[in-house]
Amino acid sequence: MRIAIPAEDNRGLESNVSRHFGRAKYFVFVDVEEGKTKNVEIVEVPFDEHGPGDLPNFIKEHNAEVVLAYGMGRRAIEYFNQLGIEVVTGAYGKIKDVVEAFIHQVLEVDPYWKEKIEREKEHKGECEEGCK
């Protein structure tokens, strides 16, 4: 199985899961065989701007079967579903810990990720208007 995880930076398994799937500059692809991590590949996203379906297709081109992410929009999830790629949202923390927990079926996800991201967006909008 090949897992794709959006990363905050290019440190691979030592990176944290990016809180914003669509803004991640790097993805960590992890090959899992017989319940163990066999290969890790760090890939920089090849485009600065992207449209609907670009990231799902990028991940599909790298042969991922599962995406572990914190936040992700409904449209992106639909694209992944159409491509036959499983999506798990609410994943957070260090990538190596998230992958290990997923492999052993004990991954704890944040069930409130949508609300937290919405609050961040609202706060950012308020600050753009009045925070200095």
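Looking only at residues of region 1-37 that are among the small types (Gly, Ala, Ser) and either out of contact with any helix residue (DSSP H, G or I) (no Cβ under 8 Å at 6 or more places or on another chain) or at pLDDT below 95 (or both), we find that the one that is surrounded by the fewest Cβ atoms within 10 Å (Cβ to Cβ) is 35.
Looking at 59, 5, 77, which one is part of a helix (DSSP H, G or I), β-branched (Val, Ile, Thr) and under 18 Å from residue 109 (Cα atoms)? Please lay out each step first, then the result.
Working: 59 fails: under 18 Å from residue 109 (Cα atoms); 5 fails: part of a helix (DSSP H, G or I).
Checking each option against the conditions leaves just 77.
Do we have any residue at all in region 57-67 that's closer than 21 Å to residue 8 by Cβ and in contact with a Gly (Cβ under 9 Å, 6 or more places away or on another chain)?
Looking for residues that are closer than 21 Å to residue 8 by Cβ and in contact with a Gly (Cβ under 9 Å, 6 or more places away or on another chain), one finds none in region 57-67, hence no.
When residue 101 is tested against (1) assigned to a helix (DSSP H, G or I); (2) more than 27 Å from residue 34 (Cβ to Cβ), only condition (2) is not met. Selection of first residues in region 38-58 that are loosely packed, with under 12 Cβ neighbours inside 10 Å and of second residues that are acidic (Asp, Glu), restricted to Cβ pairs under 9 Å at least 6 apart or on distinct chains, gives the following pairs, ordered by first then second residue: 38/31; 39/31; 39/33; 47/54.
Listed residues 84, 71, 53; which is within 25 Å of residue 119 (Cα to Cα) and either of a type in the set (Val, Ile, Thr) or out of contact with any Pro (no Cβ under 9 Å at 6 or more places or on another chain) (or both)? Working first, answer last.
Numbers: 84 fails: within 25 Å of residue 119 (Cα to Cα); 53 fails: within 25 Å of residue 119 (Cα to Cα).
The unique qualifying residue is 71.
Exactly one residue among 90, 84, 53 is over 14 Å from the mean Cα position of the chain (by Cα), on the phi > 0 side of the Ramachandran plot and modelled with pLDDT of 90 or more, and that residue is 84.
The values are calculated or read from the model by the stated rules, or taken from the named source; none is laboratory data. Note that the structure is predicted; figures quoted are calculated from it, not measured. Cβ: placed from backbone, ideal geometry, glycine included. Neighbour counts: every protein chain shown.
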